[in-house]
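Undergrad: Just dropping this structure here.
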Amino acid sequence: MTLNIILLGPPGAGKGTQAARLEDEHGMVQLSTGDMLRAAVKAGTPIGVQAKAVMDAGELVSDDIVSGLIGERLDQLGAETSVIFDGYPRTAAQADALDTILSDRGRQLDHVIELLVEEDALVDRITGRFSCGTCGAGYHDRYKLPKVADTCDQCGGHDFKRRPDDNEETVRTRMAEYRAKTAPILPIYDARGIVTRVDGMAPIDQVNDAIEAVLTPAG
Ligand code: AP5
């Protein structure tokens, strides 16, 4: 069965971490607008040039740009591919656009999983985050270190990097954007009865178990 799910939560809630697990365990594909925008910045495309300053400030990139990226990426996937929307939608206009994007492609939204977290813990999570510069595997200074120091568990690489927007000031702006523009879209999905709330403060494996229970209910 093809699934289309949204992982929703503030910066550092664990969306990317859990999306990667679902990719590994279910062959689903993570569609992260943040990753797509960072790739555009790195490649120096017109979208990347436009997005860079906005992202560095912790503000939101325009709705048209991110919805365009999502539509393009979905078109590259087979109709049977299950997808995880990570960091999209983030505004009411994006939620509307996603409905159209999905229905135009014969897809429907199955689940919205909201990761519930305490904001104070998020600054700590984000400022401690780093990733492998070769394969992108994610780590944390305290919660998820590579098994062998300075060596990526997945690809053996030794080059690690930190995101330019992962500093405390920008994180506070990103959280304010989430509260003002993203949290208000939850009632749209609540009204459809497709939201499940998961404790995002639990250890990574337990959060994964709770999401698994939503995707593959017993019985
Ligand atoms: P984006 O890349 O989407 O960033 P974000 O939403 O701020 O989310 P993060 O990637 O910071 O956090 P996450 O929830 O994925 O947490 P993670 O799993 O890494 O967006 C960046 C920017 O791009 C935006 O600010 C905006 O400018 C732009 N943008 C993107 N999409 C847009 C859109 N749709 N519209 C407009 N603009 C857009 O976890 C964080 C850390 O915590 C990791 O180190 C991890 O190991 C650790 N961790 C995770 N789970 C746990 C746990 N349960 N316990 C302990 N540690 C944990």
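The values are calculated or read from the model by the stated rules, or taken from the named source; none is laboratory data. Predicted model, so just to flag it, every value in this text is computed and none were measured. Cβ coordinates were reconstructed from backbone atoms using ideal geometry, including for glycine residues, and neighbour counts include every protein chain displayed.
Undergrad: Restricting attention to region 200-219, report how many residues are within 13 Å of the ligand (Cβ to nearest atom) and over 16 Å from the mean Cα position of the chain (by Cα).
TA: Count: 7.
Undergrad: In a loop (DSSP other than H, G, I, E, B), within 25 Å of Ile6 (Cα to Cα) and β-branched (Val, Ile, Thr) - does that describe any residue in region 190-204?
TA: Here is the first cut: in region 190-204, the residues in a loop (DSSP other than H, G, I, E, B) are 191-194, 200-203.
Checking the rest, the ones that are also within 25 Å of Ile6 (Cα to Cα) come to 191-194, 200-203.
Filter once more, keeping what is β-branched (Val, Ile, Thr): 194.
Scanning region 190-204 turns up at least one residue that is in a loop (DSSP other than H, G, I, E, B), within 25 Å of Ile6 (Cα to Cα) and β-branched (Val, Ile, Thr).
Undergrad: Restricting to region 74-83, name every residue that is over 17 Å from Leu37 (Cβ atoms) and either among the hydrophobic types (A, V, I, L, M, F, W, C) or not in a loop (DSSP other than H, G, I, E, B) (or both).
TA: Result: Asp75, Leu77, Ala79, Val83.
Undergrad: What is the residue count in region 157-185 for residues that are in contact (Cβ under 8 Å) with a residue 60 or more places away in the chain, in a loop (DSSP other than H, G, I, E, B) and either out of contact with any strand residue (DSSP E or B) (no Cβ under 8 Å at 6 or more places or on another chain) or among the small types (Gly, Ala, Ser) (or both)?
TA: Of the residues in that region, 2 qualify.
Undergrad: Restricting to region 27-55, name every residue that is among the hydrophobic types (A, V, I, L, M, F, W, C) and either within 18 Å of the chain's Cα centre (by Cα) or under 15 Å from Leu74 (Cα atoms) (or both).
TA: Met28, Val29, Leu31, Met36, Leu37, Ala39, Ala40, Val41, Ala51, Val54, Met55
Undergrad: Whether any residue in region 96-119 is surrounded by fewer than 18 Cβ atoms within 10 Å (Cβ to Cβ) and basic (Lys, Arg) is what I want to check.
TA: Yes: one or more hits.
Undergrad: Please work out which one of (1) farther than 30 Å from Thr216 by Cα; (2) touching a helix residue (DSSP H, G or I) at 6+ places or on another chain (Cβ under 9 Å) is the condition Gln108 fails and give its number.
TA: Only one criterion in (1) farther than 30 Å from Thr216 by Cα; (2) touching a helix residue (DSSP H, G or I) at 6+ places or on another chain (Cβ under 9 Å) is unmet by Gln108, namely (1).
Undergrad: To continue, here is another question. So, Asp35, is that one in a helix (DSSP H, G or I), among the acidic types (Asp, Glu) and over 25 Å from Cys155 (Cα atoms) or not?
TA: No: the conditions fail for Asp35.
Undergrad: Select from region 68-103 the residues that are free of Cβ contacts under 8 Å to residues at least 60 places away in the same chain and among the basic types (Lys, Arg) and list them in ascending order.
TA: Arg73, the sole residue that qualifies.
Undergrad: For region 19-37, name all the residues that are within 24 Å of Asp99 (Cα to Cα), of a type outside the set (A, V, I, L, M) and more than 7 Å from the ligand (Cβ to nearest atom).
TA: Within region 19-37, Glu23, His26, Gly27, Gln30 qualify.
Undergrad: Quick check on my filter: what residues within region 1-16 are buried (at least 22 other Cβ atoms within 10 Å of the Cβ) and either part of a helix (DSSP H, G or I) or near the ligand (Cβ under 6 Å from one of its atoms) (or both)?
TA: Gly9, Pro11, Gly12, Ala13, Gly14, Lys15 - these are the residues of region 1-16 that are buried (at least 22 other Cβ atoms within 10 Å of the Cβ) and either part of a helix (DSSP H, G or I) or near the ligand (Cβ under 6 Å from one of its atoms) (or both).
Undergrad: Return yes when Ala40 is aliphatic (A, V, I, L, M), in contact (Cβ under 8 Å) with a residue 60 or more places away in the chain and more than 8 Å from the ligand (Cβ to nearest atom) and no when it is not.
TA: When the stated conditions are applied, Ala40 does not pass them.
Undergrad: Within the group Asp75, Asp104, Asp86, which residue is in contact with a Lys or Arg (Cβ under 8 Å, 6 or more places away or on another chain), at negative phi, at pLDDT 95 or above and away from the ligand (no atom under 12 Å from the Cβ)?
TA: After ruling out the rest, the residue left standing is Asp75.
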